[in-house]
Amino acid sequence: MLPLVQLVAFEGPDRYSFVGGLATRMNDLAEALVDRGYTVRHLFVGDPERPHVEERAGGKLLLERWGQWISAYHPRDVYDGEMGKWRDFGRTVPPHLVDDVIIPAAKAGQRTVVLFEDWQTADAAVGTALLLTMGERRSAASLFWNANNTYGFGAVDFASLEQATTITTVSRFMRAALADAGVDAAVLPNGIAERWLRPVAPADVRAVRAAFGDRPTLVKVARFDPDKRWDWAIDAVAAMKADGLRPRFVVRGSRADYADVVWRRARRRGLSVDDLRLPAEAPVPAVTKAIAASSGDVVHLDFFVSEPPLRALYAAADGVLANSSKEPFGLVGLEVMACGGIAYLGRTGEDYAVPYGNCVVVQTGDPRELGSHLAFLAERKDVASRIRTEGQTTAKRFAWPRIVDALEVTWDAAARLGK
């Protein structure tokens, strides 16, 4: 019998809970596991207006929205009121997992694999292990804690966590960060959903390129956060404009105060900013029409952008800027590659990156470097084409079904070791 898989994270599929790469990881992993035949439960801090429990995929996926009573007082998103949610999460999740998930599964002859994600769930992981041990039920579940980022490391008791769980992470970069904290973690990379590997509709790509016109166009989709190098991106576009290149920078950020810092910098550098507000999940024609009508140097997509227009933007752009100052994995870069786009990554050592093989790696802090890469690729279209093709090949190697194979081996090893 396959084990029951319990995912535990702050982020999840609700718009309220979907902030960044963690939600993408959780949602797509859940889908891949269901496709593999697993029954999956996903506990997350969900929309306070939606049902506490919801079944999907014919009952193979069960969503549990946690802490809704707190979220009702913090309606912005999952991280609004984060500290109160964190404290409540660590206190209330362990008894629920033990009494309502793990023990009932064990009585039915089924082992449970529990995957805790990121710092907000570390206390819950330790508490779950403690309750299982006290109840002499520790063998009923294999507990894993995964680090997707270094955020919150100062609040994690790694000694207790390492005793309670098997610790994993998503890249060599993160393994080194955990080693600095005295933890020897296994590396299990992120994956991308197989749907990202499907060809982007050629008509959508043509429509987006037509909307771009003859202006060199760059795209950036990231949280508004200093780590995402928005300052460098704005300065690079400003340098291109100063050289008379008429660049267009299409961006999608997050709800964060740092957005104001980005817009002030853009205007100080002489860049005009257009805010495009469309209905959530606007289709490709609506998005392309709005971009074509904009004359701004920076075009801010101030709405939820669904995958079809997002994929078309990635495929059609001259480059997608995913160069962070600290990049634990680089999920956006892989998604860009899957779409046949050209990802511009930073010097953060993404495990899959091959400079001028499957991507462009920005090597300096000089914003003028961006223009040099664009000029080279405009002249050497054969190299640009090769990067797009090799990027798609790379993305296929990180499809979730392949990553699930590695997860299953790790789960089996943990069960054999009684952890």
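No value in this document is a laboratory result; all are computed from the given coordinates. What you see is a predicted model, and the numbers here were worked out from it, not measured in a lab. Neighbour counts run over all protein chains shown; Cβ positions are idealised from the backbone, glycine included.
Inter-part distance, the range 218-294 to the range 364-381, computed on C-alpha centroids, equals 19 Å. The fraction of Cα-Cα pairs per 20 angstrom bin, counted from 0 for the chain, comes to 26, 55, 18, 1 percent, rounded to whole percents.
Just to be sure I understand: of the beta bridges DSSP finds with both ends in the chain, what percent are antiparallel, rounded to 5?
If I count the DSSP bridges inside the chain, around 10 percent turn out antiparallel.
In the chain, the longest principal axis of the Cα atoms and the axis of helix 21-36 are about 60 degrees apart.
Label sites at Glu408 and Ser325, each approximated as a point 7 angstrom past Cα along Cα to Cβ, lie 4.3 nm apart.
Quote the charge dipole size of the range 195-397 about the Cα centre in Debye, to the nearest 20; the model charges only the Cβ of Lys and Arg (+1) and of Asp and Glu (-1). All intermediate terms of the calculation are to be shown ahead of the outcome.
Values: 31 positive and 25 negative charges, 56 e Å.
For this selection, approximately 280 debye.
Taking the chain as a Gaussian network of alpha-carbon nodes connected by springs under 10 Å, the highest mean-square fluctuation of the residues Gly58, Gly346, Gly21 belongs to Gly58. Each residue of the range 234-249 is assigned a 3J(HN,Hα), and the resulting list reads 5, 5, 5, 5, 5, 5, 5, 5, 4, 8, x, 8, 6, x, 10, 10 Hz, derived from the Karplus form 6.51 cos²θ - 1.76 cosθ + 1.60 (θ = phi - 60°), x at Gly and Pro. When each of the peptides 298-304, 208-214 is scored by how many other beta carbons lie within 10 Å of its residues on average, the order from highest to lowest is 298-304, 208-214. Of all the options Val261, Val40, Val126, the one that moves most in a Gaussian network model of the chain with Cα springs shorter than 10 angstrom is Val261.
Among Gln163, Gln392, Gln120, the largest mean-square fluctuation in a Gaussian network model of the chain, built with springs joining Cα atoms closer than 10 Å, belongs to Gln163.
If you put +1 on each Lys and Arg Cβ and -1 on each Asp and Glu Cβ, how big is the dipole of the chain around its Cα centre, in Debye rounded to 20? Let's see the in-between values first.
On the way: 52 positive and 53 negative charges, 182 e Å.
Around 880 debye, computed over the chain.
With contacts taken as Cα pairs under 8 Å at a separation of at least 6 residues, the range 195-397 carries a relative contact order of 23 percent. The HN-Hα couplings worked out from phi for the range 342-354 by the Karplus form 6.51 cos²θ - 1.76 cosθ + 1.60 (θ = phi - 60°) are 9, 8, 9, 9, x, 8, 9, x, 3, 4, 9, 7, 10 Hz, whole numbers, x standing for Gly and Pro. For the range 1-94, the residue among Gly58, Leu4, Pro75 whose Cα projects farthest onto the positive side of the dipole built from Cβ charges is Leu4. In percent, rounded to a whole number, the relative contact order of the chain is 14, using alpha-carbon pairs under 8 Å and six or more apart.
With respect to the chain, whose longest principal axis is taken over its alpha-carbon atoms, helix 122-134 is tilted by about 20°.
Report, to the nearest 10°, how far helix 368-379 tilts away from the longest principal axis of the Cα atoms in the chain, using its own Cα long axis and a range of 0 to 90°. Compared with the principal axis, the helix lies near 70 degrees. Would you list the P(r) distribution for the range 88-191, with all Cα-Cα distances sorted into 10 Å bins from 0 and each bin expressed as a whole %? Spelled out per bin, shortest first, that is 16, 48, 28, 8, 0.
Note down, for the range 195-397, the three equivalent ellipsoid semi-axes (square root of 5 times each alpha carbon gyration tensor eigenvalue), biggest first, whole angstrom.
Square roots of five times the eigenvalues give 22, 20, 17 Å.
Can you give the FRET efficiency for Asp302 and Phe153, using 1/(1 + (r/R0)^6), R0 = 51 Å, r = Cβ-Cβ distance, to the nearest 0.05? Walk me through the intermediate numbers first.
On the way: r = 32 Å, r/R0 = 0.63.
With a Förster radius of 51 Å, E is 0.95.
Taken one residue at a time, the phi angles of the range 328-340 give Karplus couplings (6.51, -1.76, 1.60, θ = phi - 60°) of x, 9, x, 5, 4, x, 5, 5, 4, 4, 4, 7, x Hz. Gly and Pro are set to x. Using the empirical formula 2.2 N^0.38 Å as the baseline, the Cα radius of gyration of the range 257-354 reaches a ratio of 1.17. Candidates Trp230, Ile192, Val361 compared by Cα position along the dipole of the chain: farthest toward the positive end lies Val361, with charges placed on Cβ. With the charge dipole of the chain set up from +1 on Lys and Arg Cβ and -1 on Asp and Glu Cβ about the Cα centre, the Cα lying farthest toward the positive end among the listed residues His373, Ala179, Leu278 is that of His373.
Of all aspartates and glutamates in the structure, the ones whose alpha carbon falls short of 20 Å from that of Lys241, not counting any fewer than 8 places away in one chain, are Asp214, Asp231, Asp274, Asp275, Asp297, Asp318, Asp366, Glu369, Glu379.
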